[in-house]
Each structure stands twice: as C-alpha cells, then as structure tokens.
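A.B. asks: Can you read through this structure? Questions will come right after.
The values are calculated or read from the model by the stated rules, or taken from the named source; none is laboratory data. Everything quoted here is computed from the prediction, not taken from an experiment. Note that we place each Cβ from the backbone using ideal geometry, even for glycine, and neighbour counts take in every protein chain shown.
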Amino acid sequence: MIAASVICWRAAASIAWAVLLLPPSTAIFVILSKFSVLHPIQTISECFSMLTSATAIFSFILLCGVIIMVGFLNFEYYTVIPTIACSKIALFGQLLHPRQLVNSLVHCIMGMIVAWCSAVTIGFRYETLGHPCAQTDGYHQMCLNEYHLILLLGGAFVGFSHSLLGVIHNMNYVSFHTVQQYKYLRFKGCLPLVVKCSATQALYSVRNFIVVYYFLGYIPRTWICKTLNLHLGSSAHPLDSIAGLLDLSLLYHLWISATFLLFTWYITLLLFRIFLTEGYSFPVQSSFTEDADHCLPKVLTEKQPMILKFLALQDLALLSQHSPLRRCEVFSLSQPGGHPHNWNAISKECLSLLADLTQRLVAYHDTVATNGRAKSLSSGSERKTSSETSGTLISQKWLSMSANSPFTPDLDSPFMSPALRRLAAPVEQGSPWYGTVQSPHIMRRVPKLWSTSTDSQVNGSSPPSPASVPSDKQEPSKPSFLAQFLQNRREQVLKPCLKLPEASSQALFADSQAHIWALEGLSYLVQASFSEDQFGVVQTTLPSILSCMLVLQEAVDRHFKLPHASSKPVRSTSSMGDSTYKTLRFALRATLKTAIYRITTTFGDHLNAVQLSAEHRKRLQQFLEYKE
Amino acid sequence: KEMYQSLDFSPPSLSFPRESLKLHSRTENSSKAAFLDHSETLWMRSAAAWRDGGLTGLLNEITNSHPEVPKWLSMSSGCILALLQWVSSFHGSLFPHLTLSSEDMIAEFSQVLNWSDCVVRAFAWHPHTDKFAVALLDDSIKIYNPKSATTPTLKHRLQRNVAVVQWKPLCASALAVGCQNCLLVWHVDPCSLSTRPSAGCAHVLSHPGHAPVTSIAWSPSGSLLVSASPMDTAMMVWDVAAESCVPLQRVGGGGVTFLSWSPDGSHVLASTPSALFRVWETRMWTCERWPCIKGRCQSGCWSPDGSRLLFTVQDEAVIYSLTFTNTPGPHAAVVVADLSETTFSTPDGDIIVGGEIQSLAWDPRGERLAVLLKGDPRAADRSPIIAVFKTRVSPIFELLPCGFVQGEPGAEPRLMQFHPNFRHGALLTVCWSSGRITHVPFYFLSASIPRLGLSGSPTLPHVQERPADFANQSLFTEFIS
C-alpha cells in the first residue's frame, strides 16, 4: 500500500537526518569534554587531531550504528494511542513485559557502546579497560582501569534508565500538534528543550548511578577482573569509596557523556516525531479506480496502521478548515449515478467514531454508577467468544489499558447490565440516527471491548502478555463466595494505595485526538456547506450529525461530573515524554462545544427545520441562546 | 431616546466613579518590610531569596549579609551581581522598553489611552450575545448581561493590572484575561446565579518569561489563543483546553506588543516594540516582516474579509493600508488617510483636531472606522477625540470623513470597541476618563449609500457633524487598475 510506505519513508528520513546531525553534536561533545580553561589553544589542536584519528572514525561509525538502531526502535515501539497504566501494578506489569525487557536490554547495550565511544574520545585516563602496571617484584601485568569501567557501566545505566523512564513517561507516544509548522521551524523551536532535558536527565541519572555504584560497584569489578584475568590496580582509592567518587573531573566526564548519549537519542526521537506527524495530503477522490485505495474516504475507514487513520483524520480537519477546492470535492457527486459517495463515507466514519466514544462513556459511567459492584457472574461463553475475536476493531492497545484497576474484579461486561440497556435503548430506536450510525457493526463493538478488558483485569496485569493468555481461558468462570470475599477485601486494602487517580479517565480518552479531528472536520464541513454545498448533500446527514454530537455532549458532561474526571494533572514541561494525552479529555470537551456552536451559529434559526427529537431540540435551543 | 425604545436591544450605559472603587493602597512587595524578621538563619533567607527573586535575589542576599558569610563569597557574589546588571543594562540599551516596570510597560503598549490612570482598563463585547466584560482599576472584572439581573464579579489572586480581556468565539462562557503575571481563562457559566465565581473557574496559563501580557487574540474559530508580552520575543499559541502552548520565536524586535487576528482567521498582526511588525499566516505559522521607517506599529485592524489591514505607526498622523491577496508579488503599505492637525469652524468656535493616533476600530461590517486621536495633553483645547470615517471595502476601498465623537466637558475617550453584531448599523462603545461607558449607535442600511444617522447615546456624547461640503469629499479612493 502506497500510503503505508509513506510512514516508512518518513521514519527513514528522520533517521537519516539524525545521522547527519551526529557530526556536529559529536564535535561539540569532544570540545566540551576535552576543554581545559588553562590551555585553550592546546585543547583545540588536541580536538582536531582527535577528530581525524582512526579510532575516532571507528567510534563514529559505531555511533551511527547506534543512532540507526535507536531510530529503528523508535519506529518499532511508537504509538499514537498511549498505553495508560491505571494502577501501579499495571505499570509494573508493563515494565516486566518481555517486549519491554528486550527494549531495555538493547538500550543497555547501546548505552555501553556510546559510553565506550565517549571514553575513547575523551582519552586521557579513560581510554582502555586494562593498563600495564608494575607489581612489587617488577613483573609487568595488566591491571583493571576502573575509570574506563565506571564510564561503561554509567552508559549502560543511563541507557537502562532511559528505557524505563520511556515507559513511565510514555515516551513512545507520538502526539500531534494543534499548530502546524514546517519541520525545520519546529525542530529549531524544540532544540533548546532537548538540550535542557538531556542535561537535567543526565544529572539525575548520574546521581542515581553513583549511588548504585557506591553500594554495588564491587560486583561488576570483581567479575570483570575474574573473567578477563586482570588485576585490581594498586591505585590510591577504589572508585566505590566516597573519596574515589568525589572526583570532580570524573563526575563531569560521567555527566557530559551521559548528556551526549541522551542528547543524540532525544534528537533521534524528536526528529522521528516531527517527521511522522507532519501533515499528509490524501487525495479526496481519484479518477482512476486503482488509486481509490489511498483516497481519503478509504484511508479513513482503515483500522491498521493506526497512524494512517490519524493522518487521514488530521488531513480531513485541515482540508475542512483551509482548502475550499478540496471541500468542493467532498461535496461533489459521483459522475455516473450522482451519489455523494465521498461525503457519505467521510461522515459515516466520523459519526461512527463519535458514537463509539459515546458508547464507551456510557458504559464506563454505568460501571462507576453501580459503584463497581456489578458482580462478575458473566457467562463464560461470552468471555470465550470475546477473547477469540479480540483486538480487531479497536487496537489492542486500547483494550489493554482497561478502564479500571486490576483489583476490581467486578468489571463485568456492562453491556449486559439493565441500566445500560435502558440508556442505550432510546439511542437505538428513538432517534433519527438509528440506521445511519448505529449499524450492527458498531453495536458489536461494545461487548468485545468490555469483556476483553475484563479478561485482562481478572488476569491481574493489564498488558495481555502472550505467556498469560492460556491461563486466562482456564479461569473458573464462577468464583466461589470465599474467593470473592477475599478479592473484595484485597480491593479495599490495595485500591487506595495502588490506584492512580484519574488514570482511568485518561485511559478512556486516550485516542481522543481522533475524535477531536472528527468533530472539527465535521463541523467545519457543515459550516462550509451553508454556502458551498451545491447539491445539498450535507443536509441529509445534518440531523444525525447534530444528534450524534448532542448525545456525545450529554455523555461527556456526565463523565465530567465524576470524581477525578475534572481534576487537572500537573504538567511537567522539562521532560521529553509527551503528556498531551493527560489533557485530551479537556480538549475534547472544548472542541465538542465549539463544534456544536459552529453549526448553530452558522445555521441559526434554520435549524428549527431540521428533524430532531424533542429532547435534542431543547438541548439545541440552549446552544442557540448561548446558554451552554 | 425614542430610537432606543423602538429597538429590541438597549445596552446599559454604566458609570464607575473613581471614588466607588476600593483601590490597593500598597503593592505586595512593599508590605514585606513590615514583617521581615532577621532572626532567620542565612540558609532560610537564601532559600527565600532564591524562591522570590531567583538568582539575582540570592546574590543580593549573600552580598548584603556579609558578617555571616565568608568575605570571598560575598565579594564574588557582588561581582557576579554587578556583571549581571551590566549585561542586563546592555540588553536594555538595545531594547529600551526592557527597563520599564511591568505596569509602565502595560501603559506604554496598551491600546487604552493613558492606561495607568484609567478607571475602565479593558472592555470586551461577547462576539455573539449582548453581554460584555469590563475590567476595572481595582483589578476586578464585571460581566453585564442585559438579559440577566446578576452581574458576576471576577476576582483572582493573580489577576492584577488587567491589560486586555477577550471572549472566546463560539463559546458562551470563556473569557481570556491578560494581566501582569499571567494569562487567565475564566469560565463564567451564563446560567449560574452566583455573583462571585470562585477562583476555581479560572485557568491560569503561564510560561516562564512571558509576562506582562499586553495583548491577546482568540482565533475566530475559537480553537487557539495567542498572547504577547513585550518581555518575550516569542509569541505564544495556546491550546487553552489542553493548557499547552507552542512558542513562536522570532528574535528581531525584542518582544511582541499588540496582536490582532483577522476576522477570516487567516492572518495575525503582531507588532513589536521596535520599528518592525510581522504578519503571520495561520496555516503553517510563517511570518512576513514589515519594517517601518519611523516608529513601532501602534495599532491595527482588519477588514471583515481579512484582505486588508489598516495600521498606524507611532509618531505619525497617518493611517496605512496593506492588502493581502493570494497573488504573490511586491506590495507596500499605502497611506490612506492623513490625520495631521486641522482646524474646523463649528458654531461653538474653532476646534483643532488631528495628530497622533492611539487606536483604531473597524466595525464588523466594514462600514465605519473609528480612530482614537491622542490629542495633546499640554494644550487645553486639544483633548483626545474620536474621529469616525465611513468606509467601503468592496469593490474598491474608500474612506470618507464622517464625524467626531466627543464626551461631556472634561471627559476624554480612553477606549473604544464596536459591538460585534449590531443589527441596525454599527454601535461604538466608548469608555471615558470619568468612568462612564456609553454607546454611540450609527444607523445605516448596509450595502447602500449610508445615511448619516447620528445621535447621541441616551445621555451624553455629542456627535458633531462635519460641514456638509467637506463630508462629501472622499478622503481616499482606490481605483481599480
């Protein structure tokens, strides 16, 4: 597929740029690491001879390899929907996931390689692992150079903590910006932040490393000595003593090499994010049938890869706002037949996205409203079917971030609860969007979603690891009374200390960027249709668009009345992790209101002619009078 | 008076006498000396100084407490302090406005004439309804709605020296407030009966180094908010709901003072304290640089379709015009009106009008342009006055003199804004130095020969008409080539 290859090309271009940026950053590192205040001229000449030597070129090639590897890992592990751990246990589970363990190990090794390169570059006492030393009897033998070792271990530690923090801060999450900018300008704007982040993060990592080395440093040292048959040197202080670690030059070199390591990796990550999230313009329609696969209406409906769907939605939001020509294509009729295929496909997909969110919110609210006590007496058969068909419609990531903590075993499929049925019923039959939006295709989604998340919750760790899947299925479907009692006890004890507040609300809105674009795209298109839609194609769907938005508005309003839902998270600016997902729900709420207002202000009293249920009309009147 | 009664909408004419406001007698910094006790240890004091005054505060503390610290430390911190001051004074000599205090800076760059002495410091009509917000000298904001009996008063700990307020478009409740230390976004529920919304209704948006905020602008689509500070070379683009911001950094100019978003949403005018302004296009956020010859860009306004920008430059008595069309090519600003001093003979005697321009306001239909002239504070007969022009945007741009708006004797116009959707023509709201807010309606039929329907608001402003022969002369007409 052509559009999918775009993603690969973008990733490749970002890696290429990261490699191209390596020489200047290495040069700056060399200068900073070798700089001495007393001999500035000598420093510069040393740097020049250093940069042209054979070892430097070899280590430079190694560094390029590391950067390519980091870029590859970024590409492999990135996600546009963040994985949000709803409890500390779930976070722990994420950290111990085999996929994550591999990631940590690779980062560890790469950190060591970068540290070796910087040790070679700094030269001086760090250059080699062994050095000849004279024993008392005059017999020469190889001794361990602990300075070299500490630098290598430091690199490994920083690499490891980078990968751990990546999970904790969701560093693999790629967010889209509300403000479109050219790549170069965006990169330039972010560069100071990257320098600051890498310097501070390196400081913290080095501090932690020194503490670890002080207590446990003898273990790797004796191990290395044993395997490589080196002797412990008779140097004045071993480095895991206070006197040995209080060496300012050593601390500086540790810090500067950690900063260099993190800086190159962060730059790679930053470039990857910038390239990946750049707007992509999909053709709205094509005159050739073989190109129809990468036209906007088609790409919008694709489920995999998620990034393409996001790019298509972003493109939809932009085209609806900025380009009258492409809007015209959306409103156009098909040549033989005269059907508004483009508009139908686009509006249907957007509405189904919004309806999906509404369902999710209603279901969540329902579970919370029953105070999480709806008992887990669901039929085993349903659970089985759901786990068989899981993860096709909505990405597995969404499923894994369950809406509740693992210690609430009660999250049984709320689809079955009578309260939800009551809530869902008027939507199904009473409203005009029955039939257009509520296709059975969407209705099927709900049991899947909820029962699958039950699976992972009963299991105890959110990410359904391959190893634990078989045990899931053998789970007794009816827990005994005693077990239930124990579980309730455990829940009462553990819930307060392990549950991360508001995380479940964050998880609920984790993919809301898509909904925000859908709302923007729809509302701008409807606004433009007032003057641009020649054939009145939008008018036919206007009732369903309005009622869909109003129902969602009601669900969102109710959700924000829950505890924790409207509490603002603390925003950390000095981290490379993107915390946009923490405020997505607020952005969605604001966008939704603005979208409804956009339609009501454009159409004004004409909306009285639109077919709506009495309840929705009342609600709409509030918007027409600016009272929401 | 009859005219108002015949209409369905009558905006309240308000008055805020200076004596009725409870003003702050002291600033927060000056109260510190009364409570300071020197029994704290050096460490505590240093920590407090670091928290309050940053690096300079810490250095000051160390330098001043020399019996307690070693001599070399107090000496070296004194040296660093002197070096810092030298650097900042050098920076200040490049951009003189950086040496101003925040309050003086707001007064210097505000669109309000004589801001520091003004009872009404900021005013904003809601873009869709008939309610408006008024920021007063005592740092409170009042919201008036003719349809509701309650007038909510907004007060917040951080809401000091309000420079500008603006309602969010396509929203009933959000009001952005730019003030001395930060940016606040209030959510005032239109259905609530509370007269004192709690501080929890306000979101504080702040970014290090981005204060005082002298100008803000919402995008007409209601999705983004831009804010400007003369201290910060970056203009902030806020996604308010997500509380995230993107700084758009351009070093030249030394800050951003005034922002204006074009009604069609495609461009943003950003003026700097230097003789330079920028026009950003909002799709990819790139900018055009427009160097001025004489001074900084003082004020600007956009035509309703966003194709034309009128702006004024400090120390110049002319209005410039810039057109933005899709065709690329060299274009330069054109002088469309010369407002240098002129004498008019009226039945009451001759009056001299003209000179430097404080602010511009263009009515949402593009048919009336109001120009607030600074006047001359030294000359008694040259008080500030509002000159009104008739304008036409299409098919060709035209500018005709129309009249003047003057207050009761002794009252000077300070701030003006057009009502965003007045159905019978244009409604100019003027805030006077006496603390009054009055509304001057201009009745005309759109897209026809405008009739001069001038009348004062129920009580005060006298609108003087120019002599008829003068009014028929077009001051500026653009010819279609």
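A.B. asks: Output the residues belonging to the stretch B:256-272 that are part of a loop (DSSP other than H, G, I, E, B) and buried (at least 23 other Cβ atoms within 10 Å of the Cβ).
C.D. replies: The answer is B:VAL256, B:THR257, B:SER262, B:THR272.
A.B. asks: Among (1) at pLDDT 95 or above; (2) farther than 30 Å from A:ILE84 by Cβ, where does A:SER613 come up short?
C.D. replies: Looking at each condition in turn, A:SER613 falls short on (1).
A.B. asks: Additional query: Can you work out which of the residues in the stretch A:176-206 that are closer than 15 Å to A:MET576 by Cα and of a type in the set (S, T, N, Q) is farthest from the other protein chains (Cβ to nearest Cβ)?
C.D. replies: Here the answer is A:SER205.
A.B. asks: Please go through (1) in contact (Cβ under 8 Å) with a residue 40 or more places away in the chain; (2) surrounded by fewer than 18 Cβ atoms within 10 Å (Cβ to Cβ) for B:GLY252 and return the number of the only condition it doesn't satisfy.
C.D. replies: With respect to (1) in contact (Cβ under 8 Å) with a residue 40 or more places away in the chain; (2) surrounded by fewer than 18 Cβ atoms within 10 Å (Cβ to Cβ), B:GLY252 is out only on (1).
A.B. asks: Determine if the stretch B:257-272 includes at least one residue that is more than 10 Å from chain A (Cβ to nearest Cβ), closer than 26 Å to A:LEU584 by Cα and at pLDDT 95 or above.
C.D. replies: yes
A.B. asks: So is B:LEU248 away from chain A (no Cβ under 14 Å) and among the hydrophobic types (A, V, I, L, M, F, W, C) or not?
C.D. replies: So B:LEU248 does not fit the description; no.
A.B. asks: Between a residue in the stretch A:603-628 that is within 20 Å of B:PRO127 (Cβ to Cβ) and free of Cβ contacts under 8 Å to residues at least 40 places away in the same chain and any residue that is β-branched (Val, Ile, Thr) and in a helix (DSSP H, G or I), which pairs come within a Cβ distance under 7 Å, given they are 6 or more apart or on different chains?
C.D. replies: Pairs that qualify, where the first residue is within 20 Å of B:PRO127 (Cβ to Cβ) and free of Cβ contacts under 8 Å to residues at least 40 places away in the same chain and the partner is β-branched (Val, Ile, Thr) and in a helix (DSSP H, G or I), are A:PHE623/A:ILE596; A:PHE623/A:THR600; A:LEU624/A:THR600.
A.B. asks: Kindly indicate the residue of the stretch B:179-226 that is more than 22 Å from B:THR151 (Cα to Cα), among the small types (Gly, Ala, Ser) and away from chain A (no Cβ under 13 Å) and also farthest from the chain's Cα centre (by Cα) among those meeting that condition.
C.D. replies: Per the criteria, the residue is B:ALA211.
A.B. asks: Moving on to the next point. How many residues are in contact (Cβ under 8 Å) with a residue 24 or more places away in the chain, away from every other protein chain (no Cβ under 11 Å) and surrounded by fewer than 23 Cβ atoms within 10 Å (Cβ to Cβ) when one looks only at the stretch B:227-245?
C.D. replies: Going through the stretch B:227-245 one residue at a time, the tally reaches 2.
A.B. asks: Then there's this: Name the residue, out of A:MET50, A:MET69, that is surrounded by 16 or more Cβ atoms within 10 Å (Cβ to Cβ), in a helix (DSSP H, G or I), in contact with a helix residue (DSSP H, G or I) (Cβ under 8 Å, 6 or more places away or on another chain) and free of Cβ contacts under 8 Å to residues at least 60 places away in the same chain.
C.D. replies: Step by step, each of A:MET50, A:MET69 is checked, and only A:MET69 is surrounded by 16 or more Cβ atoms within 10 Å (Cβ to Cβ), in a helix (DSSP H, G or I), in contact with a helix residue (DSSP H, G or I) (Cβ under 8 Å, 6 or more places away or on another chain) and free of Cβ contacts under 8 Å to residues at least 60 places away in the same chain.
A.B. asks: Next up: Mind listing whichever residues of the stretch A:54-85 are within 15 Å of the chain's Cα centre (by Cα) and among the hydrophobic types (A, V, I, L, M, F, W, C)?
C.D. replies: A:LEU73, A:PHE75, A:VAL80, A:ILE81, A:ILE84, A:ALA85
A.B. asks: Let me ask another. Checking B:ARG289 against (1) assigned to a strand (DSSP E or B); (2) touching a residue at least 40 places away in the same chain (Cβ under 8 Å), which test does it fail?
C.D. replies: (2)
A.B. asks: May I pose another question? Failed condition for B:TRP167, given (1) of a type outside the set (Ser, Thr, Tyr); (2) in contact with a His (Cβ under 6 Å, 6 or more places away or on another chain); (3) away from chain A (no Cβ under 14 Å), with all others met?
C.D. replies: Exception for B:TRP167: condition (3).
A.B. asks: Could you list, ordered by first residue, the pairs with Cβ atoms under 8 Å in which the first is in the stretch B:390-411 and under 15 Å from B:ILE319 (Cα atoms) and the second is among the charged types (D, E, K, R) and in a loop (DSSP other than H, G, I, E, B), at least 6 apart or interchain?
C.D. replies: B:LYS390/B:GLU367; B:THR391/B:GLU367; B:PHE397/B:GLU478; B:GLU398/B:GLU478; B:PRO401/B:ARG466
A.B. asks: In the stretch B:273-286, what count of residues is obtained for those that are part of a loop (DSSP other than H, G, I, E, B), in contact with a His (Cβ under 7 Å, 6 or more places away or on another chain) and within 11 Å of another protein chain (Cβ to nearest Cβ)? Walk me through how you get there before you give the answer.
C.D. replies: Just the residues of the stretch B:273-286 that are part of a loop (DSSP other than H, G, I, E, B), to begin with: B:273-275, B:282-285.
Adding the requirement that they be in contact with a His (Cβ under 7 Å, 6 or more places away or on another chain) leaves B:273, B:282-283.
Among the residues that remain, those that are also within 11 Å of another protein chain (Cβ to nearest Cβ) are: B:282-283.
Total satisfying the criteria: 2.
A.B. asks: Any idea which residue in the stretch B:422-470 is modelled with the lowest pLDDT, counting only those that are more than 30 Å from B:LYS142 (Cα to Cα) and aliphatic (A, V, I, L, M)?
C.D. replies: B:ALA468
A.B. asks: Starting from the stretch A:518-542, keep only residues that are free of Cβ contacts under 8 Å to residues at least 12 places away in the same chain and in the same structural domain as A:TRP343 (by the TED database), then list their pairs with residues that are assigned to a loop (DSSP other than H, G, I, E, B) and surrounded by fewer than 19 Cβ atoms within 10 Å (Cβ to Cβ) whose Cβ atoms are within a distance under 9 Å, requiring at least 6 positions of separation or different chains.
C.D. replies: Within 9 Å, the pairs are A:GLN539/A:VAL610.
A.B. asks: Next question, about the same structure. For the stretch A:540-570, which positions are of a type in the set (D, E, K, R) and part of a loop (DSSP other than H, G, I, E, B)?
C.D. replies: A:LYS561, A:LYS568
A.B. asks: Give the number of residues within the stretch A:291-331 that are touching a residue at least 12 places away in the same chain (Cβ under 8 Å), within 13 Å of another protein chain (Cβ to nearest Cβ) and not in a helix (DSSP H, G or I).
C.D. replies: Number satisfying all stated conditions: 0.
A.B. asks: Residues that are closer than 22 Å to B:PRO230 by Cα and touching a residue at least 24 places away in the same chain (Cβ under 8 Å), at least 3 per element: which helices (runs of 4 or more DSSP H) completely within the stretch B:41-145 meet that? Lay out the reasoning, then the answer.
C.D. replies: Details: elements: B:42-64, B:71-94, B:102-109.
Output list reads B:102-109.
A.B. asks: Pull up the stretch B:403-431, narrow it to residues that are in contact with a Pro (Cβ under 6 Å, 6 or more places away or on another chain) and part of a strand (DSSP E or B), then point me to the one that is farthest from B:LYS131 (Cα to Cα).
C.D. replies: Step one: list which residues in the stretch B:403-431 are in contact with a Pro (Cβ under 6 Å, 6 or more places away or on another chain), which gives B:405, B:407, B:412-413, B:420, B:427, B:430.
Then drop every residue that is not part of a strand (DSSP E or B), which leaves B:405, B:413, B:427, B:430.
Numbers: B:VAL405: 23, B:PRO413: 21, B:LEU427: 14, B:VAL430: 15 Å.
Among those residues, the one meeting the criterion is B:VAL405.
A.B. asks: Still on this structure: Can you list the helices (runs of 4 or more DSSP H) lying wholly within the stretch A:199-284 that have 2 or more residues being of a type in the set (Val, Ile, Thr) and over 19 Å from A:HIS131 (Cα atoms)? Please lay out each step first, then the result.
C.D. replies: Details: elements: A:218-228, A:242-245, A:248-276.
Hits in the stretch A:199-284: A:248-276.
A.B. asks: Please state which of the following conditions B:VAL69 fails to meet, knowing it meets all the rest: (1) loosely packed, with under 13 Cβ neighbours inside 10 Å; (2) over 44 Å from the mean Cα position of the chain (by Cα); (3) β-branched (Val, Ile, Thr).
C.D. replies: Unmet for B:VAL69, out of (1) loosely packed, with under 13 Cβ neighbours inside 10 Å; (2) over 44 Å from the mean Cα position of the chain (by Cα); (3) β-branched (Val, Ile, Thr): (1).
A.B. asks: If you don't mind, another one. Within the stretch A:582-589, does at least one residue satisfy the condition of being buried (at least 16 other Cβ atoms within 10 Å of the Cβ), at the interface with chain B (Cβ under 9 Å from one of its Cβ atoms) and at positive phi?
C.D. replies: Checked against the condition, which is being buried (at least 16 other Cβ atoms within 10 Å of the Cβ), at the interface with chain B (Cβ under 9 Å from one of its Cβ atoms) and at positive phi, the stretch A:582-589 yields no hits at all.
A.B. asks: Further question: Would you be able to tell me the number of residues in the stretch A:600-615 that are surrounded by fewer than 15 Cβ atoms within 10 Å (Cβ to Cβ) and not charged (D, E, K, R)?
C.D. replies: Going through the stretch A:600-615 one residue at a time, the tally reaches 6.
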